[in-house]
Each structure stands twice: as structure tokens, then as C-alpha cells.
1. Which value, to two decimals, describes the C-alpha radius of gyration of region 103-172 once divided by 2.2 N^0.38 Å?
2. Can you tell me the length gained on complete extension of the stretch Q102 to A47, counting 0.36 nm per residue apart and subtracting the Cα distance?
3. When the gyration tensor of region 17-101 is built from Cα positions, what are the square roots of 5 times its three eigenvalues, in whole Å, from largest to smallest?
4. Residue by residue through region 11-26, which ³J(HN,Hα) values in whole Hz follow from phi under the Karplus form 6.51 cos²θ - 1.76 cosθ + 1.60 (θ = phi - 60°), with glycine and proline marked x?
5. Kindly provide log₁₀ I(q)/I(0) values, in the same order as q = 0.16 Å⁻¹, from the Debye equation applied to equal alpha-carbon scatterers of the chain.
6. Rounding to the nearest 20 debye, state how big the charge dipole of region 103-172 is about its Cα centre with +1 on each Lys and Arg Cβ and -1 on each Asp and Glu Cβ.
7. Please work out how much length the chain gains when fully extended from L21 to E78, using 0.36 nm per residue of separation minus the C-alpha to C-alpha distance, in nm with one decimal.
8. Before anything else, pin down the relative contact order of the chain: Cα pairs under 8 Å, at least 6 apart, normalised by residue count, whole percent.
Amino acid sequence: MAATPLMNEFPELAHLTREDLEDILNDPTYFQSIFHSLPQVKELYQAQAELGMANEAIARTNLSLQDRLYILRSETKEAFDEAKSLESRWKDVEREQREVYQRFDPQFLLLRLRHATTAQDDASEALASSFVQSSPSRAAGNDASDVDEFIREFRELRKVYHKRMMWGDRWASGQVSWDDG
């Protein structure tokens, strides 16, 4: 009998006669019994069984870790939500901090000094106008204490005004420096 590709691939069948081979092809039960007795098939079924057992072991391990995984997932979600909340709060705190620091920014302070100087000048001028407008009635009464009071108030207002002007002039000439520390 000449060697065929079938016999080369399955030497276990080489001892079978042509009639036996035809019987194998015609009888499904006989085919199954021969097929399942082949070493390659036995190895395949053994590997399949081992993989199945390995998968079952992995599944048991996964199931044993399932509760802990759910707990960790919940804890992670809570931590993430808290982090998002803190991140949102951080933006508010940064904005508040910028607003607070802005009040101490040199340019802002210079602006405030200029506004305060103008307001001080307006206040002293208003006091002087008020005194001048009420002066005829005072002249008739010749009340020296009113004049002394006006001079004292006016002098205080102008003193503050001139101090502010001096600081503004020093600032403009670069004689004022700010320590950011």
C-alpha cells in the first residue's frame, strides 16, 4: 500500500485496510470512536479541559475579589467627586485671593491715593466755600471761635491733602518702592 498524505499525517491509521477506512467514512459512530482515540485529538481535549479548569479558577478568583472591587469602585467615585468639588472650590478661592491681593497691588494703591487726594481737596474746598458763604452772618456776630474752628479744620484737611500730594509726587518720581515679600 502506497503512503498517502492521510497516512503521513495520521500514521495511526496506516494499519487499517481500505475496507476499514471505508467503514469509518460510512459509520459515524465508528468514525467518532477512531477520531477520539487519536493522540492529537486526546491532546486537544486535554488542553481544552486544562484551559476550562484554568478559566474556572480565574472566574472563582474574580468572584472572590468582586465585593472588594465594588467597595474600591465606590471609594474611588467618592474620592473623585470630592476632588471635583475641591477643584471647583479652588477656583473660587483663587478668585477671592486675586481680589484680596488686588487691593494691595501698587497700581491699585496709587489709584486709591490719587482718589483720596482728590477727595481731600474737594472736602477742604467745600469747607472753605461753606465758610465763605456763611461769612457775612459771622462778620455781623464777630464770632472769633467760629473763625478759629474753621482755620483748625481747614488746616487739618489741607495738611492731609498735602501729605497725600507729597506721597503721590514721590511715587511718580520713582522714590516709592514696594517690597512684595
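1. Working: Rg = 15.9 Å, N = 70, 2.2 N^0.38 = 11.1 Å.
Working it through for region 103-172, the quotient is 1.44.
2. Values: separation 55, 0.36 × 55 = 19.80 nm, distance 7.43 nm.
That works out to 12.4 nm of additional length.
3. Values: eigenvalues 973, 43, 15 Å².
Three semi-axes, in Å: 70, 15, 9.
4. Going residue by residue, I get x, 5, 8, 4, 7, 7, 7, 4, 5, 4, 5, 5, 5, 4, 5, 8 Hz, with x marking Gly and Pro.
5. Normalising to I(0) and taking log10 leaves -1.09.
6. Working: 11 positive and 11 negative charges, 89 e Å.
Magnitude of the dipole: close to 420 debye.
7. Details: separation 57, 0.36 × 57 = 20.52 nm, distance 6.92 nm.
This chain segment gains 13.6 nm when fully extended.
8. Values: 40 pairs, mean separation 29.9, N = 181.
Computed over the chain, the figure is 17 percent.
The numbers here are math on the coordinates, done by the rules we state, and not lab data. All figures in this text were calculated on a predicted structure; none of them were measured in a lab. Cβ: placed from backbone, ideal geometry, glycine included. Neighbour counts: every protein chain shown.
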